[in-house]
Structure formats: structure tokens, C-alpha cells
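> Take a look at this one; I'll ask things after.
Each reported figure results from applying straightforward, stated rules to the coordinates on display, with no laboratory input. Predicted model, so just to flag it, every value in this text is computed and none were measured. Positions of Cβ are generated from backbone atoms using ideal geometry, with glycine treated the same way; all protein chains shown enter the neighbour counts.
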Amino acid sequence: MNTQRDQSWPVPDGVFGETVTEVEHYTDRLFRFRLTRPASFRFRSGEFVMIGLPGEKPVWRAYSIASPSWDETIEFYSIKVAGGPLTEHLQKIGVGDQVWFRKKPTGTLVLDALLPGKRLWMISTGTGFAPFASLIRDPEAYEKFDQLIVTHTCREVAELAYSKTTTQQTLEDPLVGEFADGRLTLVNTTTQEQSPLMGRITTLMESGALYDHLGLPALDPEVDRVMICGSMDMLKDVKTLVEAAGFSEGSNASPGQFVVERAFVG
Ligand SMILES: Cc1cc2nc3c(=O)[nH]c(=O)nc-3n(C[C@H](O)[C@H](O)[C@H](O)COP(=O)(O)OP(=O)(O)OC[C@H]3O[C@@H](n4cnc5c(N)ncnc54)[C@H](O)[C@@H]3O)c2cc1C
């Protein structure tokens, strides 16, 4: 329990005040936590909400919901920024503490924003894996697509722990496992530390190494759909690449062949 913060602030209008049920730290920069889920809270897998900590003037920050829409609790996957207005405090939460989040979820990384297709590619760097942790655990994704491929690129191997364990648990899950079995593939790549597949995802796409690794043809707007979430550089480069391949961008109002969301501002 975090005793440094006063947890007794009244929850403001339009905000849920929920209790931390689980915290797991992966590295000195990354952790995940779970909250109780209010019965009235509805969201679509892949959406984000604004999170804050109890206080007079909370700092609100966007967070992708990492758990699927059917789950009884809500999971988030978080960075720890040294001196970051929210995360310097958020990283100290413990079981029993309160976290606030605004009631209205939103976002473009939703199945509704994509036209029907055969394969769903989810391209991520860093905490950009979070919305895909939600989508790969949603049976609806397997109803809409034959195959799900999620790529997660980080600098170091230890930063891949969350995507590896979440994907493994999805394959073993009693509910989603039977959909995901043989249809969900995780591709991990690193840019600094040595690992079986090294390089920026754009480099691996351009060279064709990604497709060779998977034994799949290069992206084709006829059959493939793409979701992109990560740093601005990565978004820009992957967007340029898929647009050059003939993909058109989608939104909630007008579904398309690919959608983009940044994993942080900066
Ligand atoms: C749509 C959207 C969804 C987001 N979802 C998540 C999420 O699921 N998990 C998460 O941890 N963050 C997420 N973020 C980022 C989040 O909103 C905050 O920026 C982050 O929690 C840090 O907050 P802070 O107040 O401590 O520092 P801030 O003042 O917000 O950030 C300080 C600096 O830290 C760096 N930074 C911030 N966030 C990240 C990050 N995630 N990865 C790497 N560097 C970062 C940037 O350089 C930024 O300028 C999301 C942002 C957006 C726009």
C-alpha cells in the first residue's frame, strides 16, 4: 500500500475511482497493474482512457486499456518516466490503492475502424503493445480475421517480457486459447541488445526479413489490415510504408485498411 498519497479525495464527476488488485514490475522502466472494473464501464478492445491519481488537481494521462472488453478487471501497461508528473507517483502504487480514470473511453485502434480482411497486423514499439494486449485477447478479433500477427520492438530483451507472457497466456487461456491457437503469432525484435530477430520493424519490412521470418507474403491491401502504435518516428515510417503499398487510413467514422495511434506524446 502506498502511504505517501492521500487516498481519501472524493471521486469527481465523470470519473471512476477503482482499487488496484495486482502490480507487476518488469524492469526499472516498465510495469503493469490491474484495477477493479465498475459494472457500468463499457469499452471496445483497443481503446484508451485518461488515468489520474486521487488528489485535488490530478494529472491526467492517456492510457490504453490492455485487457479485453470482456474481462472482469482492467489491466494497464505502463512506462515509468523519471520525474514524469504522473508516472513518478503511479509507479509506486500497491494493491489496495485507488486509481482514477475518466468514464469515456476512445481511440482508433478498434476493429470497427478496419474494413474486413484476412490478416490483422499489429505493429508496436514500447508501451504501444498495450492496445494489442487487449485485441489479441478478444474473440471478436478472431471472428473477423483468420490470422493475427503482432510485432513488438524494444531496445532490450527484458522490455519484451510483457508481450511474451501476455501472448503465451492468451494461447493457454481457456476462453481465448482455442481461437488463438495456430492463428496468433508474436514477433519480437530488438534494436540494441542481441536477440534472435534484430532491427527496427520498418527495416525488417523493407528488407522483407519480417515476411521471410513468418513465411508470409508482403503486405497486400486486398487481404491485410494494419494497426500501428508506438513512437512518432515508428508511426511515421510504417505509415509511409503502408501508404506506398496502397493502404488507405481508416477511422471510426470511415473504416479503412490501416489505423494509427501514438503510444505517447513527445
Ligand atoms: C493515445 C495514448 C495512449 C497512451 N497509452 C499509454 C499506455 O498504455 N501506457 C503508457 O505507459 N503510456 C501511455 N501513453 C503515454 C501516457 O499518456 C503518459 O505520457 C505516460 O504515462 C507518462 O506520463 P508522465 O506524466 O509521467 O510523463 P509525461 O509528461 O506524459 O511524459 C514525459 C516524457 O516521457 C516520455 N514518455 C511518455 N510516455 C511514454 C511511453 N509510454 N513510452 C516511452 N516514453 C514515454 C516522452 O518523451 C514524454 O515527453 C499514452 C499516450 C497517448 C497519447
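> What FRET efficiency, computed as 1/(1 + (r/R0)^6) with R0 = 25 Å and r the Cβ-Cβ distance, is obtained for Ala82 and His213, rounded to the nearest 0.05? Don't skip to the end; give the middle numbers.
Values: r = 35 Å, r/R0 = 1.39.
Computed FRET efficiency for Ala82 and His213: 0.10.
> Right, something else. Mind pulling the angle between the C-alpha long axis of helix 161-172 and the longest principal axis of the chain? Nearest 10 degrees, somewhere in 0 to 90.
Rounded to the nearest ten degrees, it is 80.
> Hey, another quick one. Please compare each pair in Lys57/Lys239; Lys103/Lys144; Lys57/Lys80; Lys57/Lys103; Lys80/Lys164 to a cut-off of 25 Å on the Cα-Cα distance and tell me which ones are over it. Working shown, then result.
On the way: Lys57/Lys239 37 Å; Lys103/Lys144 27 Å; Lys57/Lys80 20 Å; Lys57/Lys103 17 Å; Lys80/Lys164 20 Å.
The pairs that break the limit, which is 25 Å between Cα atoms, are Lys57/Lys239; Lys103/Lys144.
> For Val23, Val259, which order do you get if you count the other beta carbons within 10 Å of each Cβ and list the fewest first? Walk me through the numbers before you get to the answer.
On the way: Val23 16, Val259 24.
Placing the least packed residue first, the sequence is Val23, Val259.
> Which distance in nm do the two modelled labels at Val223 and Thr191 give, with both placed 7 Å along the Cα-to-Cβ direction?
In this crude label model, Val223 to Thr191 measures out at 3.1 nm.
> Among Gly215, Thr203, Gly246, pick out the residue whose Cα is farthest towards the positive end of the charge dipole of the stretch 111-262, where Lys and Arg carry +1 and Asp and Glu carry -1 on C-beta, about the Cα centre.
Thr203
> Here's another thing I want to ask about it. For the stretch 78-92, just list the computed ³J(HN,Hα) in residue order, Karplus coefficients 6.51, -1.76 and 1.60, θ = phi - 60°, integers in Hz, with x standing in for Gly and Pro.
Rounded to whole hertz, the list is 10, 7, 10, 9, 4, x, x, x, 8, 6, 5, 9, 4, 5, 9.
> Please rank Ser64, Ser231, fewest neighbouring Cβ atoms within 10 Å first, as an exposure proxy.
Working: Ser64 26, Ser231 18.
Going from least to most buried by this count: Ser231, Ser64.
> Here is a follow-up. Based solely on C-alpha atoms, express the radius of gyration and the Dmax of the stretch 111-262 in angstrom.
For the stretch 111-262, the Cα-based Rg and Dmax read 14.3, 42 Å.
> Continuing with the same structure: Taking one equal scatterer on every alpha-carbon of the chain, how large is log10 of I(q)/I(0) by Debye at q = 0.07, 0.09, 0.11 1/Å?
Each listed q maps to, in turn, -0.24, -0.39, -0.59.
> Next up: Give me the base-10 log of I(q)/I(0) for the stretch 15-102 at each q in 0.13, 0.16, 0.22, 0.23 Å⁻¹, Debye formula, one uniform scatterer per Cα, rounded to two decimals.
Each listed q maps to, in turn, -0.37, -0.58, -1.14, -1.25.
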